[in-house]
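Remarks on the structure that follows.
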Amino acid sequence: MSDVEPAYAVGQTVEVTTVDVAQGGWCVARPDGLPVLFVRHALPGERVLARVTEVTSRFARADAIEVRDASPDRVEPPCPNAHPGGCGGCDWQHASLPAQRALKAAVIAQQLHRLAGLDRTVTVEPLAEEENGLGWRTRMQFAVSDSGLAGLRGHRSHEVIDVGTCLIAHPAITELAITEGEWPGTSSVEAVAVPETGESAVIVTPKGKKGAGGDSHRRSDISGADAVLTRSGRGGLTAVRGHGYLSQRALGRQWRVSAGGFWQVHPGAADALTEAVLTALAPAAGDTALDLYCGAGLFAGALAPLVGPGGTVAGVEYDAAAVRDARHNLREWPWARVHRGDVGEIIKRGGLPAARLVVADPPRAGLDRQVVEYLCRDGAGAERFAYVSCDPATLARDIGLLRARGWELADLRAFDAFPMTHHVECVATLVRG
Ligand SMILES: C[S@@+](CC[C@H](N)C(=O)[O-])C[C@H]1O[C@@H](n2cnc3c(N)ncnc32)[C@H](O)[C@@H]1O
């Protein structure tokens, strides 16, 4: 046990100037002689009164509760729930949209510098031409309180906040009126909508280990959704009404995607990321390509017609429903196949063909080490790699690992696929030097 007094106490207020932005929607303050303070609801360069919310041995977290000297980038948050102690869903409601993108660009550049040894100017591109950063989110997960209220969680908290209408939710989600009802016996409610086709689905997760308890999926006030599904204790989905998948649109065609499966939540993201991936890989007829972590097969389906029958495309995905969707979506190109299983395991047992072009779109944790081994292996033949990432830190870590083994970062694009939040999507182009 240390008898050193902690530098801060939860609830204490301290006046600080924030000097920088940090990954996760925080600003950094370094008060004289005190440990670093990560401040939410602030912007870099502001003088704020911050209330400490959490203390660790190395740093503390705080909320800016009063702005004494405001940044020119500060705006009135459009959402009334975006304040200290309010909804934890958005991080940058109090910044103008260009400033939000500049903050995300700064975080990406910071991570590349720290973890990949690269100094790069990054630009974050908007996905919509006329934007206000609202009404874009086509999938929302609502938490349900003990009293049956559906809302959103507070920041780093289990508290369910009654948000009423979430302003970043797409109007097609708001129409489902999930937050207006009561959800007894329910642990969460997920809503998915496809604005282009008007389809929607609601996934209800009942409380209780085996998915027992609660019959909220029978409620008449979710009759607005085309499909209602329940999630069992093991995560499997059962359609109570309608079928279990939606027809998403991208690249001018429809893609079957299971209601619980992955699809970009911003309506402009699938097209923008695919265009960036194709530019990164520059596929030609006869090419061999891999789509790792392929989901419903979006990138494989963009590559397949371009490599043609003289080429091959192999997708890898471990979720059974996503594999079924990908096989369905790729059925018109017999030279595109989908391997079902863990990417790392499949590579370890030599289950993947050599490929000149590789795209990978892993979850936040980044690339499995086996993917790095595969890309760096002599004889695997990989020459161009498009790395799609939703986490600048693991992206930068993996770019660092690849750079150390002969790959070079040729290009990096970033897209504002999650306005108002700290999240961002990147597409890095790596080429083998
Ligand atoms: C970010 S999504 C990308 C999907 C697709 N590229 C898209 O844009 O629609 C990641 C996908 O990887 C899958 N996945 C995650 N970890 C995996 C692993 N270790 N092996 C195989 N698939 C994995 C998830 O099920 C999910 O479908």
Checklist entry - Which one is nearest to Gln254 (Cα to Cα) among residues in segment 340-366 that are more than 9 Å from the ligand (Cβ to nearest atom) and free of Cβ contacts under 8 Å to residues at least 40 places away in the same chain? => result Gly366
Next on the checklist: Can you pull out every residue in segment 237-279 that is more than 22 Å from His423 (Cα to Cα) and small (Gly, Ala, Ser)?
Outcome noted: Ala239, Gly242, Gly244, Ser247, Gly252, Ser258, Ala259
Checklist entry - Mind checking which residues of segment 241-256 are of a type in the set (A, V, I, L, M, F, W, C) and crowded, with 16+ Cβ neighbours inside 10 Å? => result Leu246, Ala250, Trp255
Item to check | Number of the condition not met by Ala150 [criteria: (1) among the aliphatic types (A, V, I, L, M); (2) outside any strand (DSSP E or B); (3) out of contact with any Lys or Arg (no Cβ under 9 Å at 6 or more places or on another chain)] | outcome: (2)
Item to check | Within segment 369-402, considering residues that are closer than 20 Å to Val313 by Cα and either within 11 Å of the ligand (Cβ to nearest atom) or among the basic types (Lys, Arg) (or both), the one surrounded by the fewest Cβ atoms within 10 Å (Cβ to Cβ) | outcome: Arg377
Item to check | Extreme residue, nearest to the chain's Cα centre (by Cα), among residues of segment 58-74 that are part of a loop (DSSP other than H, G, I, E, B) and touching a residue at least 24 places away in the same chain (Cβ under 8 Å) | outcome: Asp73
Item to check | Residues that are touching a residue at least 12 places away in the same chain (Cβ under 8 Å) and either within 8 Å of the ligand (Cβ to nearest atom) or in a loop (DSSP other than H, G, I, E, B) (or both), drawn from segment 316-331 | outcome: Val316, Glu317, Tyr318, Asp319, Ala322, Leu330
Item to check | Any hit, segment 124-135, residues being surrounded by 20 or more Cβ atoms within 10 Å (Cβ to Cβ), farther than 22 Å from Ala270 by Cα and touching a Leu at 6+ places or on another chain (Cβ under 6 Å) | outcome: no
Checklist entry - Got at least one residue in segment 154-163 being touching a Gly at 6+ places or on another chain (Cβ under 8 Å) and buried (at least 23 other Cβ atoms within 10 Å of the Cβ)? => result no
Next on the checklist: If I filter segment 172-189 down to residues being under 13 Å from Val204 (Cβ atoms) and in a loop (DSSP other than H, G, I, E, B), which single residue comes out as nearest to the chain's Cα centre (by Cα)?
Outcome noted: Leu176
Item to check | Of all residues making up segment 128-147, the number that are part of a loop (DSSP other than H, G, I, E, B) and either free of Cβ contacts under 8 Å to residues at least 60 places away in the same chain or under 16 Å from Trp183 (Cα atoms) (or both) | outcome: 7
Checklist entry - Residues in segment 293-314 that are within 15 Å of Val277 (Cβ to Cβ) and more than 9 Å from the ligand (Cβ to nearest atom): how many? => result 8
Next on the checklist: Suppose the filter is among the small types (Gly, Ala, Ser), in contact with a strand residue (DSSP E or B) (Cβ under 6 Å, 6 or more places away or on another chain) and in contact (Cβ under 8 Å) with a residue 60 or more places away in the chain; does Ala393 pass it?
Outcome noted: no
Checklist entry - Is there any pair linking a residue in segment 38-56 that is acidic (Asp, Glu) to one that is outside any strand (DSSP E or B), with Cβ under 7 Å and at least six apart or on different chains, and which? => result Glu46/Ala70; Glu46/Ser71; Glu54/Val10
Checklist entry - Pairs under 6 Å by beta carbon, first residue in a helix (DSSP H, G or I) in segment 270-297, partner within 13 Å of the ligand (Cβ to nearest atom) and among the polar types (S, T, N, Q), six or more apart or different chains? => result Ala270/Gln264
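Read-outs: derived from the displayed coordinates by stated rules, not from any lab. Quick caveat, the model's predicted, so the values are computed rather than measured. In this analysis, Cβ positions are derived from the backbone assuming ideal geometry, glycine residues included, and neighbour counts consider all displayed protein chains.
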